[in-house]
1. Of everything in the range 151-165 that's part of a loop (DSSP other than H, G, I, E, B) and in contact (Cβ under 8 Å) with a residue 40 or more places away in the chain, which residue is farthest from residue 33 (Cα to Cα)?
2. Evaluate the following for residue 78: is it surrounded by 19 or more Cβ atoms within 10 Å (Cβ to Cβ) and modelled with pLDDT of 90 or more?
3. If you scan the range 129-150, which residues turn out to be part of a loop (DSSP other than H, G, I, E, B) and surrounded by 14 or more Cβ atoms within 10 Å (Cβ to Cβ)?
4. When only residues in the range 111-127 that are surrounded by fewer than 17 Cβ atoms within 10 Å (Cβ to Cβ) and of a type outside the set (Phe, Trp, Tyr) count, which is farthest from the chain's Cα centre (by Cα)?
5. Kindly indicate whether residue 105 is at pLDDT 90 or above and part of a loop (DSSP other than H, G, I, E, B).
Amino acid sequence: MPDVNTYFPDPTRPRPVLPGEYPLWEEALGLVNRDLAATLPDQEPLRLMALPAWDDGDGLDGARGEDLYVTMANGEWQGNCLEADAENGHADAVASLADAVASVADAAQETVSELLWQAWPVCGEHGLGMHSRVTDGEVAWWCSGGRSPREPEHIRAAVGALDTLGRPHRPNRKQRRRER
């Protein structure tokens, strides 16, 4: 006999967001998942989950009264729901792709860092955790730089482009000698 939840799903439990339901959020998550795959290849892609809004129907999607979360593949998450367009609160009316990417990157970073107990993403040059930052209408991963004034803060890569970076050149790093 089928489970009763097949016919009557529990409205208080998170549900996976269906493909095409929130296109901008999905596109933003696709970019963030590229970075996750490039930096933590053993991790499964992050997902979007919807949960009934805690406030009286004024969640991301007022018609459905839902909030969206960026979750690990198993459905766990950490942190707040995605930030919607403040003017109308609807997830499908987010102001721009850049706004969606910034919000998804922040939420993904919170979930990954807290649930895996490690900084993510990490600057390959300085070994420090990076944060998303909007510059010139593009969302990028920003590093605060090294301890020395010769290692200033910098933009590492656009969100979604960490897979295009090679290993950083480290001029002061000792070379290993190969023995024959």
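1. Residue satisfying both the conditions and the ranking: 165.
2. Numbers: surrounded by 19 or more Cβ atoms within 10 Å (Cβ to Cβ): no; modelled with pLDDT of 90 or more: yes.
Against the criterion (surrounded by 19 or more Cβ atoms within 10 Å (Cβ to Cβ) and modelled with pLDDT of 90 or more), residue 78 does not qualify.
3. So in the range 129-150, the residues part of a loop (DSSP other than H, G, I, E, B) come out as 130, 136-137, 144-150.
Result: 130, 144, 145, 146.
4. Step one: of the range 111-127, the residues surrounded by fewer than 17 Cβ atoms within 10 Å (Cβ to Cβ) are 113-119, 127.
Next, from what is left, pick out any that are of a type outside the set (Phe, Trp, Tyr): 113-116, 118-119, 127.
Numbers: 113: 10, 114: 12, 115: 13, 116: 14, 118: 14, 119: 13, 127: 19 Å.
In this case the residue turns out to be 127.
5. Numbers: at pLDDT 90 or above: yes; part of a loop (DSSP other than H, G, I, E, B): no.
Here the answer is no, as residue 105 does not meet what is asked.
One line per residue, one yes/no per condition, for (1) in contact with a His (Cβ under 7 Å, 6 or more places away or on another chain); (2) within 19 Å of residue 162 (Cβ to Cβ); (3) surrounded by 20 or more Cβ atoms within 10 Å (Cβ to Cβ); (4) modelled with pLDDT under 95:
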| residue | (1), (2), (3), (4) |
| --- | --- |
| 1 | no, no, no, yes |
| 5 | no, no, no, yes |
| 11 | no, no, no, yes |
| 20 | no, no, no, yes |
| 37 | no, yes, no, no |
| 43 | no, yes, no, no |
| 48 | no, no, yes, no |
| 53 | no, no, no, yes |
| 57 | no, no, no, yes |
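The values are calculated or read from the model by the stated rules, or taken from the named source; none is laboratory data. Note that the structure is predicted; figures quoted are calculated from it, not measured. Methodologically, a virtual Cβ is constructed for each residue, glycine included, from the backbone with ideal geometry; neighbour enumeration extends over all protein chains shown.
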